[in-house]
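Report on one structure; see the data block that follows.
The values are calculated or read from the model by the stated rules, or taken from the named source; none is laboratory data. Everything numeric in this text was worked out from a predicted model, so none of it was measured. As a convention, Cβ positions derive from the backbone with ideal geometry for all residues, glycine included, and neighbour counts pool all protein chains shown.
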Amino acid sequence: MAKGKSTSDITSIGIIGAGQMGNGIAHVAAQNGFTVTMVDINPASLEKALATIAKNMDRQIQKGQMTEADKKAAESRLHTSTKMADLNTCQLIIEAATENEEVKKKIFKEVDAIAPKNCIIASNTSSISITRLAAVTSRPEQFIGLHFMNPVPMMALVEIIRGLATSHETYERVLEVAEKMGKTVATSEDVPGFIVNRILLPMLNEAAYALQDGVADVRSIDTALKLGAGHPMGPLQLADFIGLDTCVAIMRVLHNELGDSKYRPCPLLVKFVDAGWLGKKTGRGFYDYSDPANPKPSR
């Protein structure tokens, strides 16, 4: 948590999307004193999200990072809904939907119509232009990028991205929220991929090319980067964890926006996505997760 007294006036946060990122953001927000409303059109997704949050908080209790009382207090601050209209009292709304620009724009038009006048709207996008997303709203000066890392409860970093019209006041208010959530902030210009994905995703894509070109097998590529570069997780395993569909989506944004062939998504990576092998979330990607305790390389 940020040192010193926070002057942020934001106490209530809305989150759109109950998937891996949405429930992680809800978790850290509720844990750090914010009232949270998590919205998803699928009731089953909301139930799964609450179960995931409870499980992750239990893990924190086992590690001595929070108490049972802390968990109960956090859960009391966490609410769910299938109706976007229930975000109409939030002071900050964070979109954490699928990495698809048209889907996000549709959501932001709807949010803009129901959000209070002074509400800040943020996107957890990992690569899409904040300026373009802001332009579909009536409040681009109150629109900002707030990109959390996955898994949100464990990763210390959040990227804050100002669009062309984002006001300094909006940036300062969101900065304080991120710090109150216990995050360290890196501020990025509104460029494709921002900081982390501009550097990380081409590396993961290159690992897929190395596999495709027969440089080495899955296990050897991951072992080489873990032991040779000191990475905690190999690039192919990390791609599985992120989601191969998300990796392809980000690479396509980088390729389309920057126009450099070095950002072209690896054909093998695209083939895995076409096959529905999206990584850990579908049980198969570069690894087969039939036995979660002992994933085996798919090739």
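Residues that are surrounded by 14 or more Cβ atoms within 10 Å (Cβ to Cβ) and at pLDDT below 95 do not occur anywhere in segment 52-70. Counting the residues of segment 188-199 that are crowded, with 16+ Cβ neighbours inside 10 Å and within 18 Å of Asn256 (Cβ to Cβ) gives 6. If you go through segment 202-214 one residue at a time, do you hit one that is outside the structural domain of Leu175 (by TED's automatic domain parsing) and in a loop (DSSP other than H, G, I, E, B)? Yes, the conditions are met somewhere in segment 202-214.
In the condition set (1) in contact with a Pro (Cβ under 9 Å, 6 or more places away or on another chain); (2) under 18 Å from Val270 (Cβ atoms), Asp222 is compliant with all but (2).
Residues of segment 254-266 include at least one that is within 29 Å of Val28 (Cβ to Cβ) and not assigned by TED's automatic domain parsing to the domain that holds Gly33.
Using the structure shown, decide if Glu110 is crowded, with 18+ Cβ neighbours inside 10 Å, outside the structural domain of Ala249 (by TED's automatic domain parsing) and not β-branched (Val, Ile, Thr). In short, no.
Scanning for something buried (at least 16 other Cβ atoms within 10 Å of the Cβ), under 19 Å from Met84 (Cβ atoms), touching a Pro at 6+ places or on another chain (Cβ under 7 Å) and not hydroxyl-bearing (Ser, Thr, Tyr), does segment 134-145 turn up at least one residue? Yes: segment 134-145 contains one or more residues that are buried (at least 16 other Cβ atoms within 10 Å of the Cβ), under 19 Å from Met84 (Cβ atoms), touching a Pro at 6+ places or on another chain (Cβ under 7 Å) and not hydroxyl-bearing (Ser, Thr, Tyr). In this structure, does Glu179 turn out to be acidic (Asp, Glu), modelled with pLDDT of 95 or more and outside the structural domain of Met251 (by TED's automatic domain parsing)? Spelling it out, Glu179 is indeed acidic (Asp, Glu), modelled with pLDDT of 95 or more and outside the structural domain of Met251 (by TED's automatic domain parsing). Annotation: of all residues in segment 166-185 being of a type outside the set (Lys, Arg) and touching a helix residue (DSSP H, G or I) at 6+ places or on another chain (Cβ under 8 Å), the one that is farthest from Leu238 (Cα to Cα) is Ser167. Residues of segment 211-245 that are farther than 28 Å from Thr125 by Cβ and surrounded by 17 or more Cβ atoms within 10 Å (Cβ to Cβ): Val218, Ile221, Ala224. Take the conditions touching a helix residue (DSSP H, G or I) at 6+ places or on another chain (Cβ under 9 Å) and either surrounded by fewer than 16 Cβ atoms within 10 Å (Cβ to Cβ) or assigned to a helix (DSSP H, G or I) (or both) and apply them to Ile128. Does it pass? It is false that Ile128 is touching a helix residue (DSSP H, G or I) at 6+ places or on another chain (Cβ under 9 Å) and either surrounded by fewer than 16 Cβ atoms within 10 Å (Cβ to Cβ) or assigned to a helix (DSSP H, G or I) (or both).
Looking at Thr170, Thr187, Thr137, just one residue is at pLDDT 95 or above, in a strand (DSSP E or B) and of a type outside the set (A, V, I, L, M, F, W, C), and that residue is Thr187.
Being in contact (Cβ under 8 Å) with a residue 24 or more places away in the chain and under 30 Å from Ala51 (Cα atoms) holds for only one residue in Ala165, Ala115, and it is Ala115. Tell me, please, whether a residue that is closer than 23 Å to Ala54 by Cα, buried (at least 16 other Cβ atoms within 10 Å of the Cβ) and out of contact with any Ser or Thr (no Cβ under 8 Å at 6 or more places or on another chain) can be found in segment 82-95. Within segment 82-95 (the criterion being closer than 23 Å to Ala54 by Cα, buried (at least 16 other Cβ atoms within 10 Å of the Cβ) and out of contact with any Ser or Thr (no Cβ under 8 Å at 6 or more places or on another chain)), the answer is yes, since at least one residue qualifies. Out of Asn150, Asn100, one residue alone is loosely packed, with under 14 Cβ neighbours inside 10 Å and at pLDDT below 95. It is Asn100. At least 3 residues being within 20 Å of the chain's Cα centre (by Cα) and at pLDDT below 95 is the threshold, and among the helices (runs of 4 or more DSSP H) wholly inside segment 231-289 those reaching it are 244-258. Could you please let me know if Pro192 is closer than 28 Å to Gln60 by Cβ, part of a loop (DSSP other than H, G, I, E, B) and either in contact (Cβ under 8 Å) with a residue 60 or more places away in the chain or charged (D, E, K, R) (or both)? In short, no. Do we have Gly228 as out of contact with any strand residue (DSSP E or B) (no Cβ under 8 Å at 6 or more places or on another chain) and either on the phi > 0 side of the Ramachandran plot or modelled with pLDDT under 95 (or both) here? So Gly228 fails the test.
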